[in-house]
């Protein structure tokens with residue numbers, strides 16, 4: 001094959017992938033309709049048949065033949081074999097396979113890698129780890145605040161007990177008791 005033929009093959013495969021996405025998403029909307037979902041349950045799983053008919057029909061209508069560029073230089077499969085419909089039909093079957101099949105074709109057979117997809121997945125994992133770390137930090141902060149509140153409660157309680165046993169005047173003892181009550185109230189969040 002010449003460079004020009006590889007360009008035609010690549011263009012045809014890109015068209016197949018785009019058409020696969022379009023057909024798959026369009027049929028998903030139709031198949032998810034409540035009335036049609038009930039009908040499909042009664043008739044059995046006819047989704048693949050519908051997908052094949054729509055895909056082959058689209059390939060015929062768009063004259064999309066991904067097989068044609070594989071023919072000899074300067075000719076197409078239809079010209080060399082006289083079977084024009086075969087390329088449309090086979091391309092329609094590939095399109096009916098859905099976007100997953102098309103993506104697999106690019107990744108596994110043609111060697112296109114998922115580096116951007118893998119990078120997105122890595123970023124999502126890092127975001128999840130960051131969220132978990134942030135949640136742990138919030139828990140630790142709350143535990144520290146609880147410890148401080150308990151400590152403040154204990155300090156306020158000791159003021160109450162020291163006010164009761166101190167040799168201060170009754171007015172000073174009342175003032176210390178009120179301060180201790182206020183500290184307890186603040187420590188309890190009220």
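Selection of the stretch 151-184 for residues being within 48 Å of the chain's Cα centre (by Cα) and modelled with pLDDT under 75 yields 152, 153.
Residue by residue, here is whether (1) outside the structural domain of residue 23 (by TED's automatic domain parsing); (2) in a helix (DSSP H, G or I); (3) over 15 Å from residue 8 (Cα atoms); (4) modelled with pLDDT of 75 or more holds:
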{"site": "57", "(1), (2), (3), (4)": "no, yes, yes, yes"}
{"site": "60", "(1), (2), (3), (4)": "no, yes, yes, yes"}
{"site": "69", "(1), (2), (3), (4)": "no, yes, no, yes"}
{"site": "72", "(1), (2), (3), (4)": "no, no, no, no"}
{"site": "80", "(1), (2), (3), (4)": "no, yes, yes, no"}
{"site": "88", "(1), (2), (3), (4)": "no, yes, yes, yes"}
{"site": "92", "(1), (2), (3), (4)": "no, yes, yes, yes"}
{"site": "103", "(1), (2), (3), (4)": "no, yes, yes, no"}
{"site": "108", "(1), (2), (3), (4)": "no, yes, yes, no"}
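May I ask you to say which residue of 45, 65 is assigned to a loop (DSSP other than H, G, I, E, B) and exposed (fewer than 11 other Cβ atoms within 10 Å of the Cβ)?
45
Restricting the search to the stretch 1-42, which residues are outside any helix (DSSP H, G or I) and in contact with a helix residue (DSSP H, G or I) (Cβ under 9 Å, 6 or more places away or on another chain)? Talk me through it step by step, then tell me what you get.
So the first thing to find is which residues in the stretch 1-42 are outside any helix (DSSP H, G or I), and the list is 1-2, 32-33.
If the condition is that a residue be outside any helix (DSSP H, G or I) and in contact with a helix residue (DSSP H, G or I) (Cβ under 9 Å, 6 or more places away or on another chain), then 1 is the only one that fits.
Here residue 97 meets the list (1) more than 17 Å from residue 55 (Cα to Cα); (2) at pLDDT 75 or above almost entirely, failing just condition (1).
The values are calculated or read from the model by the stated rules, or taken from the named source; none is laboratory data. Here the structure is a predicted model, which means the values were calculated and not measured. Here Cβ is always computed from backbone atoms with ideal geometry, including for glycine, and neighbour counts include all displayed protein chains.
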